[in-house]
Structure formats: structure tokens, C-alpha cells
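The values are calculated or read from the model by the stated rules, or taken from the named source; none is laboratory data. Predicted model only: the values in this text are computed from it and were never measured. Quick reminder, even Gly has a Cβ in these numbers, built from the backbone with ideal geometry, and neighbours come from all protein chains shown. SASA here: full protein model, heavy atoms, side chains in, ligands and nucleic acids out. Shrake-Rupley method; radii C 1.70, N 1.55, O 1.52, S 1.80 Å.
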Amino acid sequence: MSDSSDLLVFFLHFLMLSFLAVGGFSAVLPEMHRFMVENHHWISSQDFAAAYAIAQLAPGPNAMYVTLLGWKAGGWAGAIAATVAMLAPVATITIWAARMHTRNPDAPFAQALRRGLAPVALGLFLAGAWILVNSINTGWHGYILTLVAIVVVLRTKLNPLWFLATGALAGMAGFV
Amino acid sequence: MQQLPAQNEKVSALTFFISSSRIALTSFGSPPFWARRELVERKRWLDDREFLEYMALGQLLPGPNVLNLLVMVGHRLAGWAGAVAAIAGFMGWPFLIVISLGMLHQRYGAIPMVHDAIVGMSAVAAGLLVATGVKMAMTLPRHWHPWLCGVLAFIGVGILRLPLVAVLGVLAPYSVYAAWKGKW
């Protein structure tokens, strides 16, 4: 991005996208790629992919790739613009929902809403996990590692950071 | 204070900021796993069913799902200050870390050994995510209705890769209607 009008265009577009990001920011990833790489040539497709991979490494929400895209395209100003755009729905819609919920958690409709949405959200959650498992693992070694992690997590109370470290070692040893 | 005591316990915003920070800083790959561990297992602010219900709301509101969850739980436990503490704790640290990683990556590029370690870690992180989903599924009512809705949502988005909006548009109203009518 070369000037502040670019930054404004970038901010407004990301602001719109973040209100559409129902179910997480992976849903709007293709649209962000089209906007930043194909339409505006702010970053290369390789840089876009790298930003996504690096953000998965950082702790915190998966959506942090949005911050990194902003940083790659426009430095600190870009990073802040992207993050503020990402937080806008949370600061408005979620806080409003939280207020309604705290005031009247036992209203019959609120209860039906939560009970009804819970299984659908769980299905979507597992669908996301499934897509992630398939996008990471290219060979059967990776699937085995994933499967072992699932079983061990369900059977033990160990701190999972140990499992992640083990996974990193297995990767370095050339297992995956 | 017009705040209803939805929970007997009162939690300070600082306590919630620390918990949110802990969740953010341990969340490699699967924030819901770490959020459940902190809120349900360690602090016992929520039980498993409440956690799933907040996850469901967090998933359906726009924005990062665990951030939505933490903002709602923070608001319930500590009011407005709790909601702000959730945003600061859960987004502040990752913001700084992700940019630091971007700088490191720009300078050192992709070293093969680092790349391999990342792939191994990602495979395990995906397993954590699946295990969290399985744990939450255990708390669903033993009734075919919710299970059918969950399975259809999984197949629609995960296997058939239908657009999210279409799947939600059909399943969410139906499922809420069935719950409203007391089908389960």
C-alpha cells in the first residue's frame, strides 16, 4: 500500500468482511486473497500463503493471519487497521448479545436459541477440524500423528503443550 | 449495579484478563481446547453444557469464535470491564507475537528443519481440535434431534463443502424451532 487512501480502502473492505465472518475468519479467506492479491497487488500470492502459515504458528486466535496480512501490506498502520476491522463486530454485536444474555439468561427464547444452536455449531466446529486435519496431512504418517493426539488427549489429563512439542520433534525427525 | 448474579462468584477484571491472556498464550492451533481447559476445568466458572452453549453463540456471531465466547463470559463474570479484559488479554499478546514472527520470517526465510517441526506440530494441533469437539459432543442431550442437526452441519460444511451461509440458513432456524417446541 502506497498512501493513506489505500489504507482507508483496505480498512473499509476488511471492516465489511469481518461482519460477514460468521463461523470464523477462514470463511472469508478466499475473498481476502482476491482483494489483496488479485485486485490490488498489495502482496504476492506466496506472501499471502506464508502469512497464513505463520499466523497458525502464533498462539491465539487463528484469525491473527488478518493482522499479519495488514502488516505485510502496510506496516504497523496496516496491522492496526486490519485488527481494528477484525474487532469491530466483537465490540458491537457480541457486546450487545452479551448484555442481553447477562440480563435475561433464562428467557425461553434465549434458551431455545442456545439449545438449538449448540448442536449445529458443534457440527460446524468438527467440520472445521476435519478440513484442518485434511489440509495439514498429506501422507498417512500425519494422520497417525493426529489420531494418536486425539486418543491421548481424550485419555489423559497431561498438559497438551507436551504433545505439541512431541509433534514438533516427530516432524524434525522426518516422521511426517 | 443492575447486573444479575448469573453466577454466584464475582471475578475481578484483572483475574479475567490473566485468564484470557493464559488462554491466548497457550492456544497453539486450537483456542477452544485451551479455553475449555481454563474456564471449565481449572477455574470452574462454567460447566460443560454452558461452555458448549457459549461456543455455539460465539461461533454464530461474526468474529473469532473464542474471542466472542470470552467477551460474553467476561461480561457475565465482571461486567463491561470483563468484556474489555477479554479483548485485551486474548488479542493483545497474539497481535505482538504474530508481527514478531512475521519479522523473523522476513529475515530468516524458511529453514527446512523449522518447516518440518511446524508440520509435525500442526498435525498434533489438529488432533487437539478434534478431541475438543468430541468432548463437547459428549454433553449433547441423548436424543436423535440434536445429533441429526450436528451431523448434517458437519456433512454439509466439512464433506460437501457447501457455503456456510446456506447450511446455517437451513439448519439453524430448524434446530432452534425444534428446541423451542420442546422436541428435546
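Being under 23 Å from the mean Cα position of the chain (by Cα) and more than 7 Å from chain B (Cβ to nearest Cβ) is not true of A:ALA97.
Here is a yes/no grid of residues against (1) among the hydroxyl-bearing types (Ser, Thr, Tyr); (2) in contact with a Ser or Thr (Cβ under 9 Å, 6 or more places away or on another chain); (3) under 27 Å from A:TYR52 (Cβ atoms):
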{"position": "B:TYR108", "(1), (2), (3)": "yes, no, yes"}
{"position": "B:VAL114", "(1), (2), (3)": "no, no, yes"}
{"position": "B:ALA117", "(1), (2), (3)": "no, no, yes"}
{"position": "B:GLY120", "(1), (2), (3)": "no, yes, yes"}
{"position": "B:THR132", "(1), (2), (3)": "yes, yes, yes"}
{"position": "B:MET138", "(1), (2), (3)": "no, no, no"}
{"position": "B:TRP147", "(1), (2), (3)": "no, no, no"}
{"position": "B:ILE159", "(1), (2), (3)": "no, no, yes"}
{"position": "B:LEU162", "(1), (2), (3)": "no, no, yes"}
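For segment B:127-147, does any single residue satisfy the condition of being more than 29 Å from A:THR67 (Cβ to Cβ), part of a loop (DSSP other than H, G, I, E, B) and among the aliphatic types (A, V, I, L, M)? Yes, there is a match, as at least one residue in segment B:127-147 is more than 29 Å from A:THR67 (Cβ to Cβ), part of a loop (DSSP other than H, G, I, E, B) and among the aliphatic types (A, V, I, L, M). Considering B:PHE51, B:PHE90, the condition of being farther than 21 Å from A:LEU87 by Cβ, in contact (Cβ under 8 Å) with a residue 24 or more places away in the chain and part of a helix (DSSP H, G or I) is satisfied by B:PHE51 alone.
Only residues that are in a loop (DSSP other than H, G, I, E, B) and of a type outside the set (Lys, Arg) were counted across segment A:135-176, and they come to 11. In segment A:39-54, the residues that are more than 19 Å from A:VAL9 (Cβ to Cβ) reach residues that are part of a helix (DSSP H, G or I) and among the β-branched types (Val, Ile, Thr) with C-beta atoms within less than 6 angstrom, at least six apart or across chains, in these pairs: A:SER45/A:VAL37.
Residues in segment B:158-175 that are among the aliphatic types (A, V, I, L, M) and within 9 Å of another protein chain (Cβ to nearest Cβ): B:ILE159, B:LEU164, B:VAL165, B:VAL167, B:LEU168, B:LEU171, B:ALA172. B:TRP147 meets the stated requirement of being modelled with pLDDT under 95, aromatic (Phe, Trp, Tyr) and not assigned by TED's automatic domain parsing to the domain that holds B:GLU41.
Condition check ((1) assigned to a helix (DSSP H, G or I); (2) at pLDDT 85 or above) across all residues:
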{"residue": "A:PHE11", "(1), (2)": "yes, yes"}
{"residue": "A:ARG34", "(1), (2)": "yes, no"}
{"residue": "A:VAL37", "(1), (2)": "yes, yes"}
{"residue": "A:ILE43", "(1), (2)": "no, yes"}
{"residue": "A:VAL66", "(1), (2)": "yes, yes"}
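Here's the yes/no breakdown for (1) in contact with a Phe, Trp or Tyr (Cβ under 9 Å, 6 or more places away or on another chain); (2) at pLDDT 90 or above:
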| residue | (1), (2) |
| --- | --- |
| A:ALA112 | yes, no |
| A:ALA121 | no, no |
| A:LEU147 | no, yes |
| A:LEU161 | yes, no |
| A:GLY171 | no, no |
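Which condition breaks for B:ILE155 when tested against (1) open to solvent by less than 40 Å² (accessible area, probe 1.4 Å); (2) not assigned by TED's automatic domain parsing to the domain that holds B:PHE28? Status for B:ILE155: all satisfied but (1).
Being touching a residue at least 12 places away in the same chain (Cβ under 8 Å) and either β-branched (Val, Ile, Thr) or assigned to a loop (DSSP other than H, G, I, E, B) (or both): is that true of A:VAL120 here? No; evaluated as a whole, the condition is false for this residue. Only one of the listed residues (A:GLY128, A:GLY142) is buried (at least 19 other Cβ atoms within 10 Å of the Cβ) and facing chain B (nearest Cβ under 7 Å). That residue is A:GLY142.
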